[in-house]
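Before any comments, here is the structure.
The values are calculated or read from the model by the stated rules, or taken from the named source; none is laboratory data. Since we're looking at a predicted model, the values are computed, not measured. Cβ placement follows ideal geometry from the backbone for every residue including glycine, while neighbour counts extend to all protein chains displayed.
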Amino acid sequence: MGIRVIAEKCSGCKLCVKACPFGAITVTKKLARIDIAKCNFCGACVEACKKFNAIELIYENVQTVDKSKYRGVWVFAEQKMGGISDVVFELLGKGRQLARSLAEPICAMLLGDQVASAARDLICFGADKVYLAESEQLGVFIEDTFTEVVTGLIKEHKPNIVLFGATSIGRSLAPRVASRLETGLTADCTGLEIDPATKDLLQTRPAFGGNLMATIICPNHRPQMASVRPKVFKPVQRNELRMGRIIKYDYKNHTLTQRAQLLAVVKEAAKTGGIAEAEIIVAGGFGLGDAENFKIIEKLAQAMGAAVGASRRAVDSGWVSLPNQVGQTGKTVRPKLYIACGISGAIQHLVGMQSSEIIVAINKNPQAPIFNVADYCIVGDVLEVVPALTKEIEKIRLAEQDELTVTDGELESQLVSSGVRQS
Amino acid sequence: MNIIVCVKQVPDILEVSVDKETNTLIREGVDSVINPFDLYAVEEGLRLKEQYGGQVYVLSMGPPQAIATLRQGLSLGAERGILLSDIGFAGADTLATSYTLAKAVKKIGHFDLVICGRQAVDGDTAHVGPSLAEKLGVPHVSCVIKIHEVTEEYMIAERITEDAKEKVKLSLPGLITVCKGINEPRFPSLKWKINAARTRVEVWSAHDIGADESKIGLKGSPTRVVKMTTPQHHRAGQMLEGPVGEQVADLVSKLRERQVL
């Protein structure tokens, strides 16, 4: 692979300089020069130079696998104690769409000790086939054993696409598997589609801290592997009537070496109001000023029965702890309602929350980027707006409680008067 | 204990912004720094050396200016700095990168432990550590937050997952990736700064490490970037006007209409 500027055609117009995301092109004496050390061969400059056709990508003869031999979209069905992780159902949802546009089956691979009952769940959530590997040795996740079995399955059945949740397990396992298979892996995808022309998987992910979105392909290797963070895609609905096949995988001919051993697991005390599962998140940012002011976020969250989220700067300032951080280096969330208070909306934050159903932004700066992703915008001082909102919510909650007691009372008297119940 | 710490030079990601009109990164004035996670990796390597004896090497792949990152490693207390720099390495994805690093580690020879930062802040993939372990044929543990014990045959490390801390016994030689919170990185000391000034960072080419040309750089990379775009934000936000009381009341009624309250 290479790239070159055709000197006779180059006009020195600098369109390519602007198009290059890597700052690899300079124009001197009306001629573009590409710094190969910086170039990623993305082709953005070729696209920009359509008028002159002065830049060309040089493809060398690359060995391509016989793609027709690889069929099926596979999902690694991560489980803990037999319970399938939610991200798997999200991946099955997305995987089904991909499988449909390829006219290929969607399958899951399930590894564990006595987890067969969970295989049925995977079928109800959309899997056509479940490859099941059961053994005491697979009872807990160890990279060595799981890599051996997963690569064994992939080599035998040759799937076209393999998807992993970008969880602590997926992030540790997927790169090891891809490395052994010598194929490509794209991390933390936020978009997956099939290129209608080439049938390759178009994998879109944030790059440079979310400042840009990169679309990545794996054109000459199979399977195409990608990881996706939890909450990025929507799960499919469970359907009890769905039919599928469970295929037991006999890996006895593999030697399962185990050079690591799990000695102890210390569960973290269940954090109240974890942001990953919350339906409503009230998030605070640097605009709150200090730790004391951050408490108004907690109060509003409490009044709404919401979880507390935070921007990176609020976490770095020590106002709130790391598990509450939303964004590129924190968690990706997808609640029904996200209220961003005093968060300017750095791109790293936006990538972690922009798929929330409804977004409310409260910020004193009308130019803050957070307003670009918000449904409802309030320009004002968070220290005024948030407490006022808390009061309003508390008022509603009180009123609802009253209403509830009244209804109960009315119901009671109705029942009595109709003779259903004797008082 | 012979420890190899892999480090990467990255653009200071907090300073990077995008020119909205041209979809390009504004790089002027953006410094190159050592990947923040790698600082924890270097620190942990130095602490292990201080406790158990041995040597720490810092290893990086990058353009010639990445020597600065290795110098930083030397001034913190590493004995040797090695930069893999070759035009042939350009355009490497995580697979080609881990192949290249593995070839260099094999050239270095004997090691007990390789330490990597959990991920680099420019790519954010967290792939290279586990992928490198695979290429080296050694076991790994990701996201280590604490090291409890090290012997000649094994180490006991604690990793963090979404909801737990897990104690794992890892046989050595092995590889760990470390995350924020494992330690508090030190500042360079005068003694080591002098050492850094006297020590030459070794620069190895593809030829030096005996790399197979088809496995390095762009050629050895199965993945390819085909498009860069600025993220789309397309919500037509509704501005709620008036004094605070009205804004809040307006918001509440809108949220109730949409049945989230």
Exercise. From the list A:LYS9, A:LYS18, which residue is over 32 Å from the mean Cα position of the chain (by Cα) and more than 29 Å from B:ASP86 (Cβ to Cβ)?
Worked result: A:LYS9
For this session: Could you tell me which numbered condition A:VAL228 fails, if it satisfies all but one of (1) surrounded by fewer than 22 Cβ atoms within 10 Å (Cβ to Cβ); (2) of a type in the set (Val, Ile, Thr); (3) more than 8 Å from chain B (Cβ to nearest Cβ)?
Result: (1)
Exercise. Can you name the residue in the range B:131-173 that is buried (at least 16 other Cβ atoms within 10 Å of the Cβ) and acidic (Asp, Glu) and, of all such residues, is farthest from the other protein chains (Cβ to nearest Cβ)?
Worked result: B:GLU158
Exercise. Which residues, taken from the range A:173-213, are free of Cβ contacts under 8 Å to residues at least 24 places away in the same chain, in a strand (DSSP E or B) and among the β-branched types (Val, Ile, Thr)?
Worked result: A:THR204
Problem set entry | Failed item, numbered, when B:ALA206 is tested on (1) at pLDDT below 95; (2) part of a loop (DSSP other than H, G, I, E, B); (3) buried (at least 16 other Cβ atoms within 10 Å of the Cβ) | (1)
Seminar exercise, completed: Counting only residues that are away from every other protein chain (no Cβ under 14 Å), assigned to a loop (DSSP other than H, G, I, E, B) and touching a residue at least 40 places away in the same chain (Cβ under 8 Å), the range B:80-111 contains a total of 2
Exercise. In this structure, does A:ILE25 turn out to be modelled with pLDDT of 90 or more, in contact with a strand residue (DSSP E or B) (Cβ under 6 Å, 6 or more places away or on another chain) and of a type in the set (A, V, I, L, M)?
Worked result: yes
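Every residue, every condition in (1) modelled with pLDDT under 95; (2) touching an Asp or Glu at 6+ places or on another chain (Cβ under 6 Å), yes or no:
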site: B:ASP112; (1), (2): no, no
site: B:GLN119; (1), (2): yes, no
site: B:GLY123; (1), (2): yes, no
site: B:ALA133; (1), (2): no, no
site: B:VAL144; (1), (2): no, no
site: B:ILE147; (1), (2): no, no
site: B:TYR154; (1), (2): no, no
site: B:ALA157; (1), (2): no, no
site: B:LYS165; (1), (2): yes, yes
Seminar exercise, completed: Checking B:VAL252, B:VAL260, B:VAL248 in turn, the sole residue that is assigned to a loop (DSSP other than H, G, I, E, B), facing chain A (nearest Cβ under 7 Å), of a type in the set (A, V, I, L, M, F, W, C) and farther than 30 Å from A:ALA226 by Cα turns out to be B:VAL260
Exercise. Which residue out of A:SER68, A:SER85 is buried (at least 16 other Cβ atoms within 10 Å of the Cβ) and more than 26 Å from B:VAL30 (Cβ to Cβ)?
Worked result: A:SER85
Seminar exercise, completed: Flagged in the range B:209-234 as surrounded by 17 or more Cβ atoms within 10 Å (Cβ to Cβ), touching a helix residue (DSSP H, G or I) at 6+ places or on another chain (Cβ under 8 Å) and either free of Cβ contacts under 8 Å to residues at least 40 places away in the same chain or among the basic types (Lys, Arg) (or both), in numbering order, are B:LYS215, B:LYS219, B:LYS227, B:PRO231
For this session: For B:ILE176, indicate whether it is under 30 Å from B:LEU84 (Cα atoms), buried (at least 18 other Cβ atoms within 10 Å of the Cβ) and more than 8 Å from chain A (Cβ to nearest Cβ).
Result: yes
For this session: Confirm whether A:MET109 is at pLDDT below 95 and either among the hydroxyl-bearing types (Ser, Thr, Tyr) or in the same structural domain as A:CYS218 (by TED's automatic domain parsing) (or both).
Result: no
For this session: Would you tally the residues in the range A:304-350 being hydroxyl-bearing (Ser, Thr, Tyr) and either touching a His at 6+ places or on another chain (Cβ under 8 Å) or under 18 Å from A:ALA291 (Cβ atoms) (or both)?
Result: 3
For this session: Any residue in the range A:104-130 that's among the aromatic types (Phe, Trp, Tyr): show its pairings with residues that are at pLDDT below 95 and buried (at least 24 other Cβ atoms within 10 Å of the Cβ) at Cβ separation under 9 Å, as long as the two are six or more apart or on different chains.
Result: none
Seminar exercise, completed: Those residues of the range A:69-92 which are out of contact with any helix residue (DSSP H, G or I) (no Cβ under 9 Å at 6 or more places or on another chain) and either modelled with pLDDT of 90 or more or acidic (Asp, Glu) (or both) amount to A:LYS69, A:TYR70, A:ASP86, A:GLU90, A:LEU91
For this session: Can you give me the ranges of the strands (runs of 3 or more DSSP E) entirely in the range A:294-408 with at least 3 residues that are over 23 Å from B:VAL121 (Cβ atoms), within 13 Å of another protein chain (Cβ to nearest Cβ) and under 29 Å from the mean Cα position of the chain (by Cα)?
Result: A:337-341, A:358-363, A:376-379
For this session: Go through (1) within 12 Å of chain B (Cβ to nearest Cβ); (2) within 26 Å of A:SER117 (Cβ to Cβ) one by one and return the number of the condition A:THR204 breaks.
Result: (2)
